[in-house]
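No lab work stands behind these numbers, since they all come straight from the coordinates. The structure presented is a predicted model; accordingly, all values stated were derived computationally and were not measured. Note: ideal-geometry Cβ built from the backbone for every residue, glycine included; neighbour counts use all protein chains shown.
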Amino acid sequence: MKKFEIYKNIRKRAVIMGLPIALFALMMTAVIGSLLFVIFSFSFSIIIGVFVFNAGLYIALTHVTKNPALFHFKKVFPSSISNKKVSQLPYEAHNGIIK
């Protein structure tokens, strides 16, 4: 009989409309804000501008999702890992033995 492993981290890779959950929430916040902006404005050029802004934001967010290395500015890990104590004293001085 097959045994299946429980996958608890399903929310980390969940995608809605090609965007992770956090970026999708950002997109929906921008859409709701732009809808409020359209409701209270009476200019046709502003309505077109809001649609262009939302389309550009969606394209930018999908581009960031496909290339996550765009926002990694520093290395996560150091180039070398060591347990050696950083000291100018010779090794024998640490043990209390001085030659």
Quiz prompt | Computed lengthening from LEU57 to LEU70, 0.36 nm per intervening residue step minus Cα-Cα distance | solution = 3.1 nm
Quiz item: If each of ILE39 and MET17 carries a label point 7 Å out from its Cα toward its Cβ, how far apart are those two points in nm?
Solution: 1.8
Self-check item: Label-reachable residues, segment 14-40, where backbone N falls under 14 Å from a point 7 Å from ILE47's Cα toward its Cβ
Solution: 35-40
